[in-house]
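Heads up: the structure comes next, in structure tokens.
The values are calculated or read from the model by the stated rules, or taken from the named source; none is laboratory data. As the structure is a computational prediction, the values presented were derived from the model and not from experiment. Here the Cβ positions follow ideal geometry from the backbone for every residue, glycine too, while neighbour counts run over all protein chains shown.
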Amino acid sequence: MLNRRRLLLTTAASLFLPVQTGTAQAADWPAIEAAAKGQTVYFNAWAGSDPINAYIKWAADEMKSRYGVTVEHVKITDTAEVVKRVRDEVAAGKQDGSVDLVWINGENFRTMKSEKLLFGPFSEALPNYALVDTEGKPTTRQDFSESVDGLEAPWGMAQLTFFADGAKVAEPPRSIAALTRFAAANPGRVAYPAPPDFHGTTFIKQVLIESAISPAAFSKPADRMLFSSYQPVWEAMLDALHKSLWREGRQFPKSQAEVTQMVADGELLIGLTFNPNEPANLVAAGTMPAGTIAWQHEKGTIGNTHFVAIPVNARSKEAAQVFANFLMSPEAQARKNDIKVWGDPTVLAVSRLAADQQASFANAAAPGSVSLPGPALLEPHASWVPLLEDAWLKRYGKG
């Protein structure tokens, strides 16, 4: 008993160190679960979707009943605000921080990693991490081309996907060049959201990759001279597309949700999403017709993983790890994958699961599911995003 108490005290004392070894943190998982009991996890997560909020509430209820852990959903609109809050707390020496777990990826992860604001590495030592498809889904270890290094646990998958009413779009355009030809044949019926809307930025990153002879260069940190050399090429591709866009590319919808509504209303022909299951969700909700089709570009579209991470000064690190592990469980992943619940694709290697678990992931037959898939392309390194957005806004954002 004394040795166990010393182990727990030693573990607790070490939790405030900015860098730990994942093996040490999860070497005694029962001890972590025991320490987590009675703790509260303040989970800072985007709250812009009722289905997502409902899913998080379900997960919180399960954590309470199974592990005696309370999960409080701190509803946020911008993860960058959470990064700032953690930064300010750490700078002030606050060790019992207000954030225990945060839904994160991309530039926000890169910032927290570079400023040593994250606890870990921890994720690859979580028991359920063994089920993650790290080979077939390499973005589970590469967040916007930044190595995860065990500092965040994969939670869900995303890939740029296009959709339309199949009765109106017989042959979906499966490249930016094909989309440009489609827009020319249907002037004013295609649009994308203006950056810095996430989907708008993703769309122009897709243009950047498709315009490049060597897109692998974008997996490395941004180089301004290289960016300048590529800029005329992707801008020329956008110029050609914009001539036929909604309002001739002089104005852009403000958000992906606005584009979706314009497609549902018949004003636009093609929508876009970063959740491959969203078109099926829209059909199930009655927003889009049963004949809705969804596709990705033939040579691939940008894909990534979204994660959860633990700040270095989190108050409930053990409970945060238990919650992160539960979110990767087959049960939680299958529920999240269900289009009737959320429709967020799984990070797990489904083929390695038991037969009954595999069956719980079946969404393939749902109307609106992706019928023409393409490979997932790695995100450009997060440091390219400010350059790309700034260049776009200067050239196209003055309408």
Study note, to complete from the structure: Scanning region 180-206 residue by residue, those buried (at least 21 other Cβ atoms within 10 Å of the Cβ) and without any contact (Cβ under 8 Å) to a residue 60 or more places away in the chain turn out to be Gly200
Point to revise | Scope region 266-293; condition touching a Pro at 6+ places or on another chain (Cβ under 9 Å), surrounded by 20 or more Cβ atoms within 10 Å (Cβ to Cβ) and of a type in the set (A, V, I, L, M, F, W, C); matching residues | key: Leu268, Ile270, Leu272, Ala280, Val283, Met288, Ile293
Check your understanding: Applying the selection to region 238-263, what residues are at negative phi and surrounded by fewer than 17 Cβ atoms within 10 Å (Cβ to Cβ)?
Key -> Asp239, Ala240, Lys243, Arg250, Gln251, Lys254, Ser255, Ala257, Glu258, Gln261
Exercise for review: Starting from residues that are surrounded by fewer than 23 Cβ atoms within 10 Å (Cβ to Cβ) and of a type in the set (Phe, Trp, Tyr), keep the ones in region 294-330 and report whichever is farthest from Lys94 (Cα to Cα).
Suggested key: Trp295
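Of the residues Ala355, Ala349, Ala319, only one is outside the structural domain of Asp239 (by TED's automatic domain parsing), of a type outside the set (Ser, Thr, Tyr) and under 19 Å from the mean Cα position of the chain (by Cα); which? Walk me through it before giving the result.
Numbers: Ala355 fails: under 19 Å from the mean Cα position of the chain (by Cα); Ala319 fails: under 19 Å from the mean Cα position of the chain (by Cα).
Of Ala355, Ala349, Ala319, the one residue that is outside the structural domain of Asp239 (by TED's automatic domain parsing), of a type outside the set (Ser, Thr, Tyr) and under 19 Å from the mean Cα position of the chain (by Cα) is Ala349.
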Review point. What number of residues in region 150-161 are buried (at least 24 other Cβ atoms within 10 Å of the Cβ) and farther than 30 Å from Ile176 by Cα?
Key: 3
Check your understanding: Within the group Ser147, Ser114, Ser175, which residue is surrounded by fewer than 23 Cβ atoms within 10 Å (Cβ to Cβ), out of contact with any Gly (no Cβ under 7 Å at 6 or more places or on another chain) and at pLDDT below 95?
Key -> Ser147
Check your understanding: in the same structural domain as Asp165 (by TED's automatic domain parsing), surrounded by 20 or more Cβ atoms within 10 Å (Cβ to Cβ) and assigned to a loop (DSSP other than H, G, I, E, B) - does that describe any residue in region 370-378?
Key -> no
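Looking at Gln25, Gln20, Gln39, which is the one that is modelled with pLDDT of 95 or more and buried (at least 17 other Cβ atoms within 10 Å of the Cβ)? Working first, answer last.
Working: Gln25 fails: modelled with pLDDT of 95 or more; Gln20 fails: modelled with pLDDT of 95 or more.
Matching residue, one of Gln25, Gln20, Gln39: Gln39.
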Check your understanding: Taking region 32-85 as the region of interest, how many residues are under 23 Å from Pro330 (Cα atoms), in a helix (DSSP H, G or I) and touching a residue at least 60 places away in the same chain (Cβ under 8 Å)?
Key -> 13
Check your understanding: Taking into account only those residues within region 56-82 that are surrounded by 15 or more Cβ atoms within 10 Å (Cβ to Cβ) and under 16 Å from the mean Cα position of the chain (by Cα), which is nearest to Ala319 (Cα to Cα)?
Key -> Ile56
**Study point:** Among (1) under 18 Å from the mean Cα position of the chain (by Cα); (2) within 30 Å of Arg247 (Cβ to Cβ); (3) in a loop (DSSP other than H, G, I, E, B), the one test that Thr134 misses
**Key:** (2)
